[in-house]
1. Confirm whether Arg80 is at pLDDT below 95, basic (Lys, Arg) and assigned to a helix (DSSP H, G or I).
2. So, Cys171, is that one within 20 Å of the chain's Cα centre (by Cα), surrounded by fewer than 17 Cβ atoms within 10 Å (Cβ to Cβ) and closer than 21 Å to Glu37 by Cα or not?
3. Could you tell me which residue of the range 194-208 is surrounded by the fewest Cβ atoms within 10 Å (Cβ to Cβ), considering only residues that are out of contact with any Leu (no Cβ under 9 Å at 6 or more places or on another chain) and of a type outside the set (Phe, Trp, Tyr)?
4. Consider Leu89 against the criteria (1) at pLDDT 95 or above; (2) surrounded by 15 or more Cβ atoms within 10 Å (Cβ to Cβ); (3) out of contact with any Leu (no Cβ under 9 Å at 6 or more places or on another chain); (4) not acidic (Asp, Glu): it satisfies all of them except one. Which criterion is unmet?
5. I'd like to know if the range 231-246 contains one or more residues that are free of Cβ contacts under 8 Å to residues at least 24 places away in the same chain and surrounded by fewer than 20 Cβ atoms within 10 Å (Cβ to Cβ).
6. Pairs please, first residue from the range 140-166 and in contact (Cβ under 8 Å) with a residue 40 or more places away in the chain, second anywhere and aliphatic (A, V, I, L, M) and assigned to a loop (DSSP other than H, G, I, E, B), Cβ atoms under 9 Å, 6+ apart in sequence or on different chains.
7. Out of the residues in the range 215-233 that are in a loop (DSSP other than H, G, I, E, B) and under 18 Å from the mean Cα position of the chain (by Cα), which is farthest from Arg179 (Cα to Cα)?
Amino acid sequence: MKETRARSRQRSPLLFIVLVFALSLPLWLLGETYPIEVLPGLPLGALMVVCPLAAALILVARERGRAGVVAHLARSFDYRRIERKRWYLPIVLLRPAIAVASYALMRVLDLPVPSPRWSVTAAAVLFALFFVSALCEESGWTGYLIDPLQERWGALPASLILGLVWAVWHCVPLMQVGRAWDWIGWWTLGTVSSRVLHTWLYNNTGKSVFGAILFHTISNVSWQLFPNSGSHYDPRITGLLITAVAVFVILQWGPRMQAGKETQ
């Protein structure tokens, strides 16, 4: 634990964020030049998902050399840190439950939403694709950035800061697929709140990066499977539901978002 804290103090959150945005710029320009969607709602600019991992590896190599890079990559599969297996329940089920609740609420409010159509094969392919993209993102956001932010600001402020950075980083690809500003605004609310949930799960699973990757993966699969291929995803409904869950977590666990040993 002391070694982990020492490594966190070596890190520069601002340098990492600047590097992520700098590495993303050529991919945003690629998406602007070639308006192609690799998946519904995902332009070529969304290939920026590789940038948090790239930025983390560049900085870790500078800080700790090749051994540090190998150790950093290994943390993407640190599932053994999740000693209390019941934490897999929110990791795996929370975002699908929010998606189901969103769909049901849209039905109750008589909003236009089709019947869901999806297959196990499609879900499996999406899971594989989104696992790779989530690994690239969370190896940076969670594996590199969240700990120094928490040590300086505390869990809740760190989550809000990272959530805002995360949301701004996504704005270019969202605009490239024609999202309106009010859509982006509601989506931002859900995204910042989702980062609170990421930190809550991370802090209660032995700081497992794998847990964050799995949660991120299932979040993206839930969005892409929402009827149909995310076509009727409503960020107002989903964003408010995610925010409600995040508020509950903060009230229940406190601003540190970590259960005491006696309640874990």
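1. no
2. Working: within 20 Å of the chain's Cα centre (by Cα): yes; surrounded by fewer than 17 Cβ atoms within 10 Å (Cβ to Cβ): yes; closer than 21 Å to Glu37 by Cα: yes.
Criteria met by Cys171.
3. The extreme case among them is Gly206.
4. Single failed check for Leu89: (2).
5. yes
6. Taking only residues 6 or more apart or on different chains, the pairs are Ala155/Met257; Leu156/Met257; Ser159/Met257.
7. Filtering the range 215-233 for residues that are in a loop (DSSP other than H, G, I, E, B) and under 18 Å from the mean Cα position of the chain (by Cα), the one farthest from Arg179 (Cα to Cα) comes out as Phe226.
Yes/no matrix, rows are residues, columns are (1) farther than 15 Å from Ile146 by Cβ; (2) among the aromatic types (Phe, Trp, Tyr):
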{"site": "Arg179", "(1), (2)": "yes, no"}
{"site": "Val192", "(1), (2)": "no, no"}
{"site": "Tyr202", "(1), (2)": "no, yes"}
{"site": "Thr205", "(1), (2)": "no, no"}
{"site": "Ser208", "(1), (2)": "no, no"}
{"site": "Thr217", "(1), (2)": "yes, no"}
{"site": "Val221", "(1), (2)": "yes, no"}
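The values are calculated or read from the model by the stated rules, or taken from the named source; none is laboratory data. Here the structure is a predicted model, which is why all the values come from computation and not from measurement. Neighbour counts are summed over all protein chains in view; Cβ atoms, including those assigned to glycine, are modelled from backbone coordinates with ideal geometry.
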